[in-house]
Amino acid sequence: FMQVKNTVVWAKHSGDLKKAIQDGKRIIITTVEKFPYISQEIGQEHINHHFAIIIDEAHSGQSGRNSANMNLALSGMASDDEMDNEDKINAIVEGRKLVKTASYFAFTATPKNKTEEVFGTPYKEDGEIKHRPFHVYTMKQAIQEGFILDVLKNYTTIDSWYKIAKKVEDDPMFDKKRAQKKLRSFVEGNPDVIAKKAAMMVDHFHEQIIAKKKLNGKSRAMVVTASIPRCIETYYAINKCLADRHSPYKAIIAFSGECKYNGQEPALTSAGLNGFQDAKIPKEFKKDPYRLLVVADMFQTGFDEPLLQTMYVDKPLYDIAAVQTLSRLNRAAPGKDEVYVLDFANKTSTIQDAFSKFYRTTILSGETDPNKLYDLITLMESYQVYDADDVEHVVDLFLSGAERDRLDPLLDPCVATYNEFETDDQIKFKSAAKSFVRTYGFLGSILPYGNVDWEKLSIFLNLLIPKLPSPREDDLSEGILSTIDLDSYRNEAQEAVAIKLEDEDAEIAPVPAGKVGHIVDPELDPLSKIIMDFNDMFGNIQWNDADNVQRQILQIPAMVSRDEKYQNAMKNSDEQEARTESERALQKVIFSIMSDNMELFKQFQDNPSFKKWLTDMVFNLTYNKEGKPYEAPNNVPQVSKDKPTEDGHFQEPMKQNRMIAENEGSYGKR
């Protein structure tokens, strides 16, 4: 096609796009961002022309303002100087809708609910209107036919063990949820932790990929990090590991903007660290000595490099982001028969859930309810931040081309009213306003009717929302990092697995219209409890004989529950007295098995976190008002020094131990 200049044109600038449309070019290649610049001046000569609009990466959002301007320009409804404000608002409402003389073809590998509802084919099932793609070439079929590779075939998770210690004498209270996040970030950002991860990545790349001549010795790897500072730290650590082993290879770093890393001046940029511009990264990455690409957000979508064969993930990934990031590996290439993932941050179940939605056909389970917009309007109006006259006045000025210096004096009293609210009311009003703008921007393109009042309110709120300060919210976890130290850390690669996806279609929910936020009261815990929970969650015991310990733990609840004093307390006393007797009986049982398992005894005596977990687990399993002994499941063998269990019978007890951990909270590796 490109050889026929009268047929195909690449519209690099908005002027090129305007001329191409007016000249009647048959095929125009451009980006949606150019349409706002031509929508006011394109004219109506092409108003009856028929278009085919092909949209690549449709999941990126076709309900935004740029897409509305595209529809406006192609429909011939663009406003001009002779139109009054009523005509202009009607033109905007009409411009949100898909062009009647156009056929839309939207392509995406990861359809969102908005994409399905706009472009999907509606059908009725069990009384519900659902939407499905007009045509599907599934991920499953593409893998089977060799066009892409299965990125889940060799998936290795890295288990981490942390232990942090309190370094202050007092025991201050902190917001538990926020504190746990900060502790995790603190551990993951520790230089020794980053160095150990970098060493594992570099060793794996050299010993499992390069040494085995994967992809005919041309294999590349990507390291996905959670933030720009973490990206820089990981880049430095990988470079040190490469230098220490005298590797012939180098790493490239990629992040957007500038970062004042550790207060450095001037601020760091990826171009400055690499020695070449960011635009050259894809080409340079193909050349030796560059083999590892360390990224923060950049190149996680749309990056097409067939030599990329390995990915090291050190960032939580969910839903579409997980699929798009890991799919950087799926490009086919000669000699590339499989790919490899080492994941430091995610469970295989999370990745499996994300991919399952897009493995076969993705179906929208319902339609967005436009009536929810009325609920949002009612809520916003109840706060009396604005009234109908405010909306009319601001929108009239806006449509007449007024600048911000004329609009702001009308919006400032609304902001002043908002600032007088309590935090919870600020959250409710601002989240309702955002929800209205977002939902109406989408519904305006699919509803068969227009609503001028909704359009005006949308314009008003779009001008007001940026002026509303974020709701005041105290950080009750502030200062926790100054009270703790990292005591120990280690990681261990688990066996590589193939994550299997169900061979069935998946459903996604419609757009959640009418959703309003609210303040969440923090759950306060003392520092010692937060640290104990954190260590429990991420584990800090390295058992020498883990199987024997697990077998012993399985028997403890039944042994405690047979204690006569504990049985009497359950039947005749309150729960607190029963718990006291349970703890006494547990202490007795622990001493009785001391000769069998000194490891278990020592942890119970010396490790408060483990002692609390075991105490709570035993009481929660055994306590009942009838005082009945706890019965271990039939498939769990009884273990004692008099009657050892045969090794062949240990598989089922291990499963039972996992059941107890899931029900009562686990202590150990995660």
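Condition check: among the β-branched types (Val, Ile, Thr), farther than 30 Å from residue 332 by Cβ and crowded, with 18+ Cβ neighbours inside 10 Å. Does residue 194 satisfy that? Spelling it out, residue 194 is indeed among the β-branched types (Val, Ile, Thr), farther than 30 Å from residue 332 by Cβ and crowded, with 18+ Cβ neighbours inside 10 Å. Taking the listed residues 565, 625, the one that is at pLDDT 70 or above and either in contact with a Ser or Thr (Cβ under 9 Å, 6 or more places away or on another chain) or in a helix (DSSP H, G or I) (or both) is 565, with no other qualifying. Note on region 110-143: residues that are surrounded by fewer than 20 Cβ atoms within 10 Å (Cβ to Cβ), in contact with a His (Cβ under 9 Å, 6 or more places away or on another chain) and either among the aromatic types (Phe, Trp, Tyr) or in the same structural domain as residue 51 (by TED's automatic domain parsing) (or both) total 1. If I filter region 303-332 down to residues being in contact with a helix residue (DSSP H, G or I) (Cβ under 7 Å, 6 or more places away or on another chain) and assigned to a loop (DSSP other than H, G, I, E, B), which single residue comes out as nearest to residue 496 (Cα to Cα)? Here the residue is 317. Number of residues in region 395-445 that are touching a residue at least 60 places away in the same chain (Cβ under 8 Å), in a helix (DSSP H, G or I) and surrounded by fewer than 17 Cβ atoms within 10 Å (Cβ to Cβ) equals 3. Here residue 16 meets each of (1) of a type outside the set (Gly, Ala, Ser); (2) touching an Asp or Glu at 6+ places or on another chain (Cβ under 9 Å); (3) modelled with pLDDT of 80 or more; (4) surrounded by fewer than 18 Cβ atoms within 10 Å (Cβ to Cβ) with one exception, condition (2).
Restricting to region 487-499, count the residues that are modelled with pLDDT of 80 or more and either of a type in the set (A, V, I, L, M) or surrounded by 13 or more Cβ atoms within 10 Å (Cβ to Cβ) (or both). Count: 8. The criterion of being assigned to a loop (DSSP other than H, G, I, E, B), touching a helix residue (DSSP H, G or I) at 6+ places or on another chain (Cβ under 9 Å), within 30 Å of residue 159 (Cβ to Cβ) and in contact (Cβ under 8 Å) with a residue 60 or more places away in the chain holds for residue 300.
Across region 446-465, the number of residues qualifying as acidic (Asp, Glu) and not in a helix (DSSP H, G or I) comes to 0. Summed over region 126-161, residues that are more than 24 Å from residue 306 (Cβ to Cβ) and among the acidic types (Asp, Glu) total 3.
Checked against (1) touching a Lys or Arg at 6+ places or on another chain (Cβ under 8 Å); (2) loosely packed, with under 15 Cβ neighbours inside 10 Å, residue 181 meets all criteria but (1). Residues in region 473-485 that are of a type outside the set (Ser, Thr, Tyr) and part of a helix (DSSP H, G or I): 480, 481. Within the set 343, 304, the sole residue that is among the acidic types (Asp, Glu) and in contact with a Lys or Arg (Cβ under 7 Å, 6 or more places away or on another chain) turns out to be 304. Among the residues of region 274-316, those that are buried (at least 20 other Cβ atoms within 10 Å of the Cβ) and of a type in the set (Lys, Arg) comprise 291, 315. Just checking, does region 372-392 include any residue being aromatic (Phe, Trp, Tyr) and either assigned to a helix (DSSP H, G or I) or touching a strand residue (DSSP E or B) at 6+ places or on another chain (Cβ under 6 Å) (or both)? Scanning region 372-392 turns up at least one residue that is aromatic (Phe, Trp, Tyr) and either assigned to a helix (DSSP H, G or I) or touching a strand residue (DSSP E or B) at 6+ places or on another chain (Cβ under 6 Å) (or both).
The set of residues in region 211-229 that are in a helix (DSSP H, G or I) and crowded, with 19+ Cβ neighbours inside 10 Å comprises 214, 215, 228.
For region 61-177, list the strands (runs of 3 or more DSSP E) that sit wholly inside it and hold at least 2 residues that are at pLDDT 90 or above; which are they? I'd like the intermediate steps shown before the answer.
Working: elements: 102-106, 121-125, 128-132, 155-166, 173-175.
Where strands (runs of 3 or more DSSP E) fall fully within region 61-177 and carry at least 2 residues being at pLDDT 90 or above, they are 121-125, 128-132, 155-166.
Here residue 470 passes the criteria (1) outside any helix (DSSP H, G or I); (2) modelled with pLDDT of 90 or more; (3) polar (S, T, N, Q) except the one numbered (2).
Of all the numbered requirements in (1) modelled with pLDDT of 95 or more; (2) not assigned by TED's automatic domain parsing to the domain that holds residue 425, residue 366 misses one, and that requirement is (1). The residue pairs whose first member lies in region 599-621 and is free of Cβ contacts under 8 Å to residues at least 60 places away in the same chain, whose second member is aromatic (Phe, Trp, Tyr) and not in a helix (DSSP H, G or I), and whose beta carbons are closer than 9 Å, counting only pairs six or more residues apart or on different chains, are 599/543; 600/543. Scanning region 160-217 for residues that are on the phi > 0 side of the Ramachandran plot and either touching a helix residue (DSSP H, G or I) at 6+ places or on another chain (Cβ under 6 Å) or of a type in the set (Gly, Ala, Ser) (or both) turns up just one, 217.
The values are calculated or read from the model by the stated rules, or taken from the named source; none is laboratory data. Treat the numbers as computed from the prediction; the structure is a model and nothing was measured. Here the Cβ is made from the backbone with ideal geometry for all residues, glycine too, and neighbour counts use every protein chain on show.
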